[in-house]
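Following: one structure in structure tokens, then a few remarks.
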Amino acid sequence: MTTNTNVNHTSRQPGAVWAVFFASIIAFMGLGLVDPILPAIAKQLNATPSEVALLFTSYNAVMAVAMLITGVISSRMGTKLTLIAGVIIIATFSTLGGLSNNVWTIVGLRGGWGLGNALFVATALTAIVSLSKNGTAKAVILYEAAIGLGLSVGPLVGGMLGAITWRGPFIGVGVLMAAAFIFLVIFMPRSKKQTTTSTTRPTSILDPFRALRHRSILVFGLTAALYNFGFFTLLAYSPFVMGLGPHGIGYVFIGWGVLLAITSVYMAPILQRRFGTVNSMAAMLTLFALLLIIMGIWANIQWVIIVAVIVAGAMLGNNNTLITTAVMNAAPIERSTASAAYSFLRFIGGAIAPFLAGKLAEWFSPHIPFIVGGCFVFLSVLMVLFNRRHVYHVDSVETAH
């Protein structure tokens with residue numbers, strides 16, 4: 001009964017929120033589209049797994065740094081223009097990547113793609129939260145639902161296009177971003193007053209660094225950096241040990257994405273109400289760490305890897321909603337600034353993990369990347385628990401909403 005009430009409240013949103021929601025689905029399809037073709041890129045461009053993993057590293061590294069300026073840009077351009085700029089950049093660099101013939105060129109172009117994604121992702125989250133009329137928690141659930149739907153549909157499309165040519169998913173992202181561009185132009189409100197999250201002055205480039213003075217933002221940011229180390233180890237490295245083609249990898253990640261979407265929308269709110277945001281987050285991170293260790297121990301058994309990747313979707317879906325909600329309620333500052341500071345730290349972990357995972361496999365064995373990823377996720381649990389007196393207030397803030 002409670003879940004249905006949440007869904008009904010979530011459905012009563014302004015048209016602008018739904019415009020950003022659907023554009024976000026298309027944007028997050030881009031990540032899943034590329035995943036099934038990683039082994040094919042390595043084979044056809046004579047690249048090693050660690051070199052191909054740099055597609056994620058350059059993407060996340062640029063994204064992390066760019067998060068620091070998203071508030072500066074959006075507070076001057078307005079939310080609508082910032083979202084559109086992000087979409088145009090993604091479409092341009094993804095299409096150029098599909099036309100390239102060298103892995104290092106694609107790595108560089110993925111960096112440009114990361115810049116566009118930073119502009120879009122950070123602004124989309126704050127736009128949905130600020131434009132929503134149903135509170136932070138339900139707005140975050142809607143945003144995470146868009147992520148889950150995009151990640152679940154993306155691998156299917158990527159597997160289908162990748163079976164034809166590895167270039168297909170890159171060009172496919174460009175086409176989808178063109179659709180997102182049309183969507184935003186038509187449905188997003190034009191008034192800057194309605195769409196910017198800054199109320200008194202343009203955001204300064206120093207604001208995200210000032211935000212990190214708030215212990216809760218710093219703790220959640222470092223927690224997310226450690227957690228993302230495991231997340232992107234699974235995302236970027238597991239396709240190389242599955243022993244499947246583009247279609248097969250796509251189907252596995254469909255299951256992963258479906259569980260991610262369902263748990264982020266339906267299960268995470270239940271966990272929040274029953275156990276609290278921080279306790280639920282620690283539990284989900286612990287389970288994910290254990291799952292990565294299991295993948296490391298039995299990395300040579302195909303069905304273990306496949307089942308583990310799918311099951312991981314449930315833990316990731318829950319945790320994504322839990323930690324995003326926590327950050328939005330963590331400190332008495334503008335949400336766009338909190339999101340920028342948190343995302344800067346978050347994507348640093350996502351930048352290091354893919355390349356290191358490939359190198360660890362080359363230096364030692366296919367088992368080691370998952371075990372190391374699991375250890376980093378365990379550290380994220382310790383980060384939350386050792387600083388729990390600085391972050392437990394997010395539960396009372398959410399109750400107040």
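The values are calculated or read from the model by the stated rules, or taken from the named source; none is laboratory data. All of these numbers come straight from a predicted model, not from anything done at the bench. Neighbour counts run over all protein chains shown; Cβ positions are idealised from the backbone, glycine included.
Quick notes on this structure:
- Among the residues of the range 345-359, those identified as of a type in the set (A, V, I, L, M, F, W, C) and over 19 Å from Gly243 (Cβ atoms) are Leu345, Phe347, Ile348, Ala351, Ile352, Ala353, Phe355, Leu356.
- Of the helices (runs of 4 or more DSSP H) lying entirely inside the range 337-401, the ones with 1 or more residues being of a type in the set (S, T, N, Q) and at pLDDT below 80 are found at 393-400.
- Note on the range 105-120: residues that are closer than 15 Å to Ile88 by Cβ and touching a residue at least 40 places away in the same chain (Cβ under 8 Å) amount to 8.
So that you can scan it fast, the table gives a plain yes or no per residue for (1) charged (D, E, K, R); (2) in contact with a helix residue (DSSP H, G or I) (Cβ under 6 Å, 6 or more places away or on another chain); (3) over 26 Å from Pro369 (Cα atoms); (4) surrounded by fewer than 18 Cβ atoms within 10 Å (Cβ to Cβ):
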position	(1), (2), (3), (4)
Pro246	no, yes, no, no
Ile249	no, yes, no, no
Met267	no, yes, yes, no
Arg273	yes, no, yes, yes
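- Test: residue in the range 31-54 that is modelled with pLDDT under 80, within 30 Å of Ala211 (Cα to Cα), aliphatic (A, V, I, L, M) and not in a loop (DSSP other than H, G, I, E, B): yes
- Of the residues screened, Ser24 is not one that is over 22 Å from the mean Cα position of the chain (by Cα) and either assigned to a helix (DSSP H, G or I) or at pLDDT 80 or above (or both).
- From Phe170, Phe187, residue being among the aromatic types (Phe, Trp, Tyr) and modelled with pLDDT of 85 or more: Phe170
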